[in-house]
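Derivation of every value follows stated rules applied to the coordinates shown; laboratory data play no part. All of these numbers come straight from a predicted model, not from anything done at the bench. Because the Cβ atoms are built from the backbone with ideal geometry, glycine has one as well, and the counts that use them run over all protein chains shown.
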């Protein structure tokens, strides 16, 4: 089974995000970077399917040369190949990103299409929910977002289907898609494994295939980034033991509970 997983290099979740003076970019001077959490689950899901049905996993990203770090991390946990589409230092809009990824995927599918392409449901930084859907449409393949369960029918090769499960209020929606198809994975699909020392050393020896793209800019343009003001919470200790009871009663009275 041939699986492609698209990932993105993003600031580490929980990090303090500063904006450049012109308000058009994130100041990355003191930031750590990682793979977007939804996509970590997508990589783990791809590796698990390859282990179960046989085959290989290719990891693809668009970004600067630094994004090779995320490709090698994916290889260290079981992916087979890494492909980097060079975006330079520019911040690409979703339309251009999707066009470049679709172009790269088509070039990688010269012999046969990937049975399954996985995206994160949305990236942790921009949260646009667009790129995976745009790529699926450009390739003419069915897609479902918000997936938290994946099963493959048959031996994973040739014709067959993929059963995808999406969580909704009070239950699940279940979709059956013919291969090849595309899925947008949500965090919670699985628990991503940690790389072993052997995996990390092996990932350094794998050649990262680099590609360029002639994709034109899309119609979306960033106006500015706004960093919301930090809110400071204050904790007041009302007392200790029985002596705190009157203060608790006063607070409940102010809230209208009593």
Residues 213, 233 arranged by fewest to most Cβ contacts within 10 Å: 233, 213
Sequence-separation-based contact order of the chain, relative, with Cα cut under 8 Å and 6+ spacing, percent: 25
Mean-position separation - Cα centroids, region 218-239 and region 29-95, in angstrom: 29
Burial ranking of peptide ranges 100-109, 248-257 (average Cβ count within 10 Å, highest at the top): 100-109, 248-257
Sorted by Cβ density within 10 Å, fewest first, the residues 175, 73: 175, 73
Kirkwood-Stokes translational diffusion coefficient of region 120-205, alpha-carbon pairs, 10 °C, 1.306 mPa s, µm²/s: 107
Sorted by Cβ neighbour density within 10 Å, fewest at the top, the residues 58, 110: 110, 58
Relative intensity, log₁₀ I(q)/I(0), of region 151-258 from a Debye sum that treats every alpha carbon as a point, q = 0.17 Å⁻¹: -1.14
C-alpha long axis of helix 245-254 to longest principal axis of the chain, angle in °: 70
Value of [θ]222 nm, deg cm²/dmol, for the chain, DSSP H segments ≥ 4, -39500 (n - 2.57) each, nearest 500: -8000 deg cm²/dmol
Value of relative contact order over region 5-154, rounded to a whole percent, pairs C-alpha under 8 Å and six or more apart: 26
For region 62-216: rounded, prolate or oblate by the Cα gyration tensor [a/c cutoff 1.5]: rounded
